[in-house]
There are 2 protein chains.
Amino acid sequence: MPDRQRKSAAEHPFAYEGLDRVIHERARLSLLTSLVTQPRGLTFAALKRLCDLTDGNLSRHLQVLEDEGIVAISKDFDGHRAVTVCRLTPSGRKRYHDYLAVLEKVILDAAGAAGRRTLRDLSET
Amino acid sequence: MPDRQRKSAAEHPFAYEGLDRVIHERARLSLLTSLVTQPRGLTFAALKRLCDLTDGNLSRHLQVLEDEGIVAISKDFDGHRAVTVCRLTPSGRKRYHDYLAVLEKVILDAAGAAGRRTLRDLSET
């Protein structure tokens with residue numbers, strides 16, 4: 001964590017500066033979490049089903065993620081048929097994991113408040 | 001989980017329908033996580049510092065949370081001085097915990113993908 005950010009975290013412990021807005025948006029968080037499970041990538045059709053997105057929303061959010069260098073989109077060949085495949089880039093994967101570490105902190109802060117020892121307990125309230 | 005939601009989760013495992021948009025917004029997530037740690041409530045001044053928000057942003061987001069019945073705002077007396085205090089309502093606390101359970105699922109899905117056993121490991125990549 002850079003010095004500036006560490007200082008800010010001490011003064012503003014609940015500001016969660018690291019909650020990267022590009023990733024935090026619900027549809028994009030959904031897309032990235034499905035992609036992180038699939039190093040070989042996912043097709044448009046698979047992403048649409050897994051994340052329950054319309055064509056329009058899927059295209060719009062993938063465009064944002066591609067522009068940010070988080071996702072790479074390429075044409076692969078499945079026999080003679082071209083298929084569009086999306087993958088996390090290495091820097092995108094790192095950025096996603098940095099974001100997840102902040103999400104984890106949110107959950108641990110809330111779990112600490114409730115006096116619970118494990119995250120799993122939180123879903124049982 | 002209602003039947004409809006369970007069916008949807010099976011078909012669209014990464015849709016995370018339960019990521020309540022009212023709570024997911026970064027500033028509001030920040031406010032609610034600080035409030036969940038303080039059953040007796042927090043003043044405007046404390047929330048502003050803890051969450052690193054401007055007066056305008058703080059007022060705007062608290063208004064949304066009050067309109068949704070998640071937060072209650074009242075005047076308390078500190079000696080002779082009136083102080084405005086914000087607290088989570090019981091239904092707000094439940095809604096926040098329901099949301100947290102979905103956040104936890106996001107983290108566990110991603111952790112599972114990485115073949116890791118604990119959440120803490122994720123922040124060490």
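The values are calculated or read from the model by the stated rules, or taken from the named source; none is laboratory data. Everything numeric in this text was worked out from a predicted model, so none of it was measured. As a convention, Cβ positions derive from the backbone with ideal geometry for all residues, glycine included, and neighbour counts pool all protein chains shown.
Checked against the criterion of being within 14 Å of chain B (Cβ to nearest Cβ), touching a helix residue (DSSP H, G or I) at 6+ places or on another chain (Cβ under 6 Å) and modelled with pLDDT under 95, the stretch A:37-45 has at least one qualifying residue.
Inside the stretch A:90-106, residues that are out of contact with any Leu (no Cβ under 8 Å at 6 or more places or on another chain) and more than 9 Å from chain B (Cβ to nearest Cβ) make up a count of 3.
From the list A:SER30, A:SER59, A:SER74, the lone residue that is crowded, with 19+ Cβ neighbours inside 10 Å and polar (S, T, N, Q) is A:SER30.
Taking B:VAL64, is it more than 15 Å from the chain's Cα centre (by Cα) and of a type outside the set (Lys, Arg)?
Working: more than 15 Å from the chain's Cα centre (by Cα): no; of a type outside the set (Lys, Arg): yes.
No.
Only a single criterion out of (1) touching a Pro at 6+ places or on another chain (Cβ under 7 Å); (2) loosely packed, with under 15 Cβ neighbours inside 10 Å is not satisfied by B:LEU50, namely (2). Only residues that are more than 12 Å from A:ASN57 (Cα to Cα), in contact with a Lys or Arg (Cβ under 9 Å, 6 or more places away or on another chain) and either assigned to a helix (DSSP H, G or I) or at the interface with chain B (Cβ under 9 Å from one of its Cβ atoms) (or both) were counted in the stretch A:16-31, giving 6.
Among residues belonging to the stretch A:71-103 that are outside any helix (DSSP H, G or I) and among the aliphatic types (A, V, I, L, M), point out the one that is nearest to A:VAL36 (Cα to Cα).
Taking the stretch A:71-103 first, the residues outside any helix (DSSP H, G or I) are A:71-89.
Remaining after also requiring among the aliphatic types (A, V, I, L, M): A:71-73, A:82-83, A:85, A:88.
On the way: A:VAL71: 11, A:ALA72: 13, A:ILE73: 14, A:ALA82: 23, A:VAL83: 19, A:VAL85: 14, A:LEU88: 7 Å.
By that ranking, first place goes to A:LEU88.
Among the residues of the stretch B:35-47, are any crowded, with 20+ Cβ neighbours inside 10 Å, over 30 Å from A:LYS48 (Cα atoms) and without any contact (Cβ under 8 Å) to a residue 24 or more places away in the chain? No - not one qualifying residue is present in the stretch B:35-47. What about B:ALA72, is it more than 13 Å from the chain's Cα centre (by Cα), closer than 25 Å to A:LYS105 by Cβ and free of Cβ contacts under 8 Å to residues at least 24 places away in the same chain? In short, no.
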